[in-house]
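For reference, the structure is listed below as structure tokens.
The values are calculated or read from the model by the stated rules, or taken from the named source; none is laboratory data. Everything numeric in this text was worked out from a predicted model, so none of it was measured. As a convention, Cβ positions derive from the backbone with ideal geometry for all residues, glycine included, and neighbour counts pool all protein chains shown. Protein only, heavy atoms only, side chains kept; ligands, DNA and RNA dropped before computing areas. Shrake-Rupley method; radii C 1.70, N 1.55, O 1.52, S 1.80 Å.
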Amino acid sequence: MLNTYTCHLFLPSAREVGIDLPGGRYAEEGDMFDYLMSPSNRQAVGLTSSYWWLRTADSTANTEFYCVGTTGWQGHDTANNAYDLVPCFVIG
């Protein structure tokens, strides 16, 4: 019998790394990953980069996306910046 798996590779969303904005604006973007909710763990994930992008667009500005900075803080910046991508994957 052959086992099959569904694998997903994706950029994490703002909600998945612990950004929980008032009013639940990003609640539909997945569950929070416990590991990524800690700034020190987010910093460890992106140690080789200054900043890394999330897939969540900032709903208050039409040219900005959320990102994670060098100390693990999360913020947003204009999409024309050359930041790194840190993919997540799920195998199931």
Scan the range 63-92 for residues that are modelled with pLDDT under 90, under 14 Å from Arg15 (Cα atoms) and open to solvent by 50 Å² or more (accessible area, probe 1.4 Å) and report the count.
-> 3
Report, by residue number, each residue of the range 19-35 that is within 14 Å of Gly72 (Cβ to Cβ), surrounded by 15 or more Cβ atoms within 10 Å (Cβ to Cβ) and either at pLDDT 80 or above or among the basic types (Lys, Arg) (or both).
-> Phe33
When you look at Tyr35, is it of a type outside the set (Gly, Ala, Ser) and touching an Asp or Glu at 6+ places or on another chain (Cβ under 9 Å), yes or no?
-> no
